[in-house]
1. Is there a residue being closer than 26 Å to residue 147 by Cβ, surrounded by 17 or more Cβ atoms within 10 Å (Cβ to Cβ) and out of contact with any helix residue (DSSP H, G or I) (no Cβ under 8 Å at 6 or more places or on another chain) anywhere in region 77-86?
2. If I filter region 146-166 down to residues being assigned to a strand (DSSP E or B) and out of contact with any helix residue (DSSP H, G or I) (no Cβ under 8 Å at 6 or more places or on another chain), which single residue comes out as nearest to residue 43 (Cα to Cα)?
3. Out of all the residues in region 115-138, is one or more outside any loop (DSSP other than H, G, I, E, B) and within 17 Å of residue 26 (Cα to Cα)?
4. Are any residues in region 167-196 part of a loop (DSSP other than H, G, I, E, B) and under 21 Å from residue 41 (Cα atoms), and if so, which ones?
5. If you check every pair at least six apart or on different chains, which have Cβ atoms under 7 Å apart with a residue in region 15-41 that is at positive phi first and a residue that is part of a helix (DSSP H, G or I) and at pLDDT below 95 second?
6. Name the pairs whose Cβ atoms lie under 7 Å apart, with the first residue in region 94-110 and farther than 22 Å from residue 150 by Cβ, the second in a loop (DSSP other than H, G, I, E, B) and modelled with pLDDT under 95, and 6 or more positions between them or separate chains?
7. Could you check region 14-46 and list, in sequence order, the residues that are more than 18 Å from the chain's Cα centre (by Cα), over 21 Å from residue 72 (Cα atoms) and modelled with pLDDT under 50?
8. Looking at 144, 117, 125, which is the one that is surrounded by 19 or more Cβ atoms within 10 Å (Cβ to Cβ) and modelled with pLDDT of 95 or more?
């Protein structure tokens with residue numbers, strides 16, 4: 001039965017035109033490579049190099065899993081992409097932190113900003129009650145208890161019940177876990193060829 005679920009998942013991936021020419025496997029592999037390396041959840045504000053800035057790899061938050069996966073897997077620098085798009089469209093981004101200008105140290109490490117960027121490049125998918133395929137490389141956001149925003153990457157591996165696992169850092173370092181439907185979902189994003197090209201144009 002498990003083998004059949006893997007086959008169905010593979011067929012869904014091949015049959016999805018939005019992912020044609022994109023390699024989600026590189027994204028999931030880059031996210032999985034952080035498991036056992038990023039072992040600490042550390043939300044501290046840190047001054048980063050720019051572009052290509054990063055914390056020590058042994059620590060980070062949920063957004064850092066996505067940032068590192070895109071940088072390692074596809075050569076896309078979200079720090080630069082978010083900074084450029086926010087500078088050009090500052091009012092389009094959430095005003096949750098009282099900022100009056102961009103901050104290249106932290107803007108890309110905030111879930112609402114990544115949600116905004118992903119929506120602006122056309123990667124957002126509707127949240128509906130209908131069954132929706134969650135494909136490897138998809139990005140999902142949730143609201144955790146305490147009204148905390150969270151983000152993770154859909155794995156190419158399935159849990160025992162056939163639900164795709166999630167690569168994320170929810171407090172104990174990078175992990176691959178069965179949490180897709182554990183918390184209220186706030187966003188589902190798929191990096192199509194077009195969306196990837198828009199990201200690359202912002203990160204060059």
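The values are calculated or read from the model by the stated rules, or taken from the named source; none is laboratory data. Keep in mind it's a predicted model, so treat the numbers as computed, not measured. Cβ sites come from the backbone with ideal geometry, for glycine too, and all protein chains shown count toward neighbours.
1. No; the residues of region 77-86 include none that is closer than 26 Å to residue 147 by Cβ, surrounded by 17 or more Cβ atoms within 10 Å (Cβ to Cβ) and out of contact with any helix residue (DSSP H, G or I) (no Cβ under 8 Å at 6 or more places or on another chain).
2. That would be 148.
3. no
4. Taking region 167-196 as the starting set, the residues that turn out to be part of a loop (DSSP other than H, G, I, E, B) are 170-173, 178-184, 190-192.
170, 171, 172, 173, 178, 179, 180, 182, 183 - these are the residues of region 167-196 that are part of a loop (DSSP other than H, G, I, E, B) and under 21 Å from residue 41 (Cα atoms).
5. 21/193
6. Matching pairs, first to second residue: none at all.
7. If the condition is that a residue be more than 18 Å from the chain's Cα centre (by Cα), over 21 Å from residue 72 (Cα atoms) and modelled with pLDDT under 50, then 14, 15, 16, 17 are the ones that fit.
8. Values: 144 fails: surrounded by 19 or more Cβ atoms within 10 Å (Cβ to Cβ); 125 fails: surrounded by 19 or more Cβ atoms within 10 Å (Cβ to Cβ).
Sole residue among the options that is surrounded by 19 or more Cβ atoms within 10 Å (Cβ to Cβ) and modelled with pLDDT of 95 or more: 117.
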